[in-house]
1. Select from Asn327, Asn151, Asn106 the residue whose mean-square fluctuation is largest in a Gaussian network model of the chain (Cα-Cα springs shorter than 10 Å).
2. Per residue, what accessible area does the stretch 173-334 have, given a 1.4 Å probe and all protein chains present, in Å²?
3. Order the following by accessible area, largest value first: Asp27, Asp241. Probe radius 1.4 Å; ligands, DNA and RNA are ignored.
4. How charged is the neighbourhood of Arg53? Take every other residue with its Cβ under 14 Å from the Cβ of Arg53, and add Lys/Arg as +1 and Asp/Glu as -1.
5. Quick check: net charge around Glu211, other residues with Cβ under 10 Å of its Cβ, Lys/Arg +1 and Asp/Glu -1?
6. Just to be sure I understand: with springs between alpha-carbon atoms less than 10 Å apart, which residue in Pro109, Pro71, Pro20 has the highest mean-square fluctuation in the Gaussian network model of the chain?
7. Can you put Tyr135, Tyr128, Tyr75, Tyr113 in order of accessible area, largest first, using a 1.4 Å probe?
8. How large is the convex hull of the C-alpha atoms of the stretch 173-334 per residue, in Å³?
Amino acid sequence: MKALCWNGTNDLRVERVPDPVLVNPHDVIVKVALSSVCGSDLHLIDGYVPTMRPGDIIGHEFLGEIVEKGPEVRYLNRGDRVITVSIIGCGHCGHCQHGESSLCDNSNPNPDYARTAYGHCGAGIFGYSHAFGGYAGSHAEYIRVPYADFNAFRVPDGVSDEKAVFVSDAVPTGYMAADMAGIRPGDVVAVWGCGGVGQMAMRSATLLGAERVIGIDRFPDRLRAAQMKAGAETLDYSRVDIFDALQAMTGGRGPDVCIDAVGMEADSGSNAVEDLYDRAKQAVGLQTDRPAVLRQMIESCRKGGTLSIVGVYGGLIDKFPMGAAMNKGLTFRMGQQNGQRYAERLFEHIRNGELDPSYLMTHRLPLDDGPQAYRMFKEKADDCLRVVFAPQG
Ligand SMILES: [Zn+2]
Ligand SMILES: [Zn+2]
């Protein structure tokens, strides 16, 4: 089959690879109809995620049709139109049972790297390095889905492919960011990053009761989408000082909830010296992640407020304002998404017309255009929010 493979930093190639086969009795094979790019793929492409190997297939947000199933798959059938949560759970361990499937004890067959780096090992992720399980990704004609009954969800009638595909990753990640922040009616929620996840976090914050939502980015098309589609007020961090602007908008209190939908490759925009310092340290390997957004959130958040982090971090950061966080009594919530606990609820919101993620799909392209499509996505050219590949043509 045809697949989009990682071959090194900034080196993606469309290649011929063997078709996936059933490995375990609880697997299914999905014929991929749509497979979306994601901001976290850029960390792979930029070379910030270790244990990638040449030939690895990337992609983790997808929709398709089940064409084969193992003997222990009970609830799903051949011909089902499904989405699959990008973070893989086993469905049986304590974490999966308690709705935190991204912490699954069983779905990562290569636990040693994470154990060494993090102390414990979390879940496997499709197309996201060997440290996260070495699972083949979805930018391909077919993909193997393990523990299918737990990870794949039948798309309800009346929900289009274009809306459903994002229930794989962008929607639950944004929804979880808002959910774990414990938003209360009347809250002001600021969201750093107006890409796919940030857009969904803003919309979810409103669904969960936020009174005002403020989106922060520097790309005009993303800020426009935040206003028009997610109902947010917006700030351009290349033009205004974010701390000053957020205090002015909240009577000097600061937002009740600050959401990070950016992650490890952040820029502060307003503080060039700080950005240079972070980039220099990251370039020579003295820090792996750039914490510009985290610093701004800690400074801007109201006393006693909550920081909710779904932007991806990989390793160590430097110049972290722990004193401010401690003395302001901030609460930190964070994690990879636990989409399995949200998928049904999110389909319900979509069916009720309360949520429409389809505008994230600004470009739909064949898999052959993969390398150029990622370049466009990375440069945020042509008002690109997300490219979705159609591997079957
Ligand atoms: Zn993702
Ligand atoms: Zn599990």
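1. Among Asn327, Asn151, Asn106, the largest GNM mean-square fluctuation belongs to Asn327.
2. 41 Å²
3. Heavy-atom accessible area, descending, gives Asp241, Asp27.
4. -2
5. Result for the neighbourhood of Glu211: 0.
6. Sorting by GNM fluctuation, first place goes to Pro71.
7. Largest accessible area first, the list is Tyr75, Tyr113, Tyr135, Tyr128.
8. Considering the Cα atoms of the stretch 173-334, their hull volume per residue is 98 Å³.
The values are calculated or read from the model by the stated rules, or taken from the named source; none is laboratory data. On a predicted model such as this, the values are computed, not experimentally measured, just so you know. Don't worry about glycine lacking a Cβ; one is built from the backbone with ideal geometry, like all the others, and counts go over all protein chains shown. For accessibility, only protein heavy atoms count, side chains too; no ligands or nucleic acids. Shrake-Rupley method; radii C 1.70, N 1.55, O 1.52, S 1.80 Å.
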